[in-house]
Amino acid sequence: GVEVYGQEYSFVGHPFKFSGIVTNVPKSAPYIYREGLEMGRTTMNRHDIGQCIKELGKIFTGFSYHLLNNK
């Protein structure tokens, strides 16, 4: 997952052709949290982040999720 503005965004698989990107409270997703890495800061505001996630969801659908690769 990636945390931005207090939300954690993760990519998950499901059998449908809509977004596989989900949000959670940071470090509370139903998988084991291992460690955090500082990736820097964004200059995008919350609205722009939301729009970006919405667009990415069109590409990263639950149906397209694969454990080892993304084609």
Fill in: Solvent-accessible area of Glu3 with every protein chain in place, 1.4 Å probe, in Å² to the nearest 10
110 Å²
Worksheet entry | Charge dipole (debye, nearest 20) of the chain; +1 at Cβ of Lys and Arg, -1 at Cβ of Asp and Glu | 220 debye
Worksheet entry | Cα→Cβ-extended label distance, 7 Å offset, between Ala29 and Val12, nm | 0.9 nm
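Put Ser28, Ser64, Ser10 in order of accessible area, largest first, 1.4 Å probe: what do you get?
Result, largest first: Ser28, Ser64, Ser10.
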Practice prompt. Compute the accessible area per residue over the chain, keeping the other protein chains in place, probe 1.4 Å, unit Å².
Written response: 84 Å²
Worksheet, complete the sentence: the chain, Gaussian network, Cα under 10 Å: of Gly13, Gly57, Gly36, the residue fluctuating most is Gly36
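The values are calculated or read from the model by the stated rules, or taken from the named source; none is laboratory data. Treat the numbers as computed from the prediction; the structure is a model and nothing was measured. In this analysis, Cβ positions are derived from the backbone assuming ideal geometry, glycine residues included, and neighbour counts consider all displayed protein chains. The area values use the complete protein model at the heavy-atom level, side chains included, leaving out ligands, DNA and RNA. Shrake-Rupley method; radii C 1.70, N 1.55, O 1.52, S 1.80 Å.
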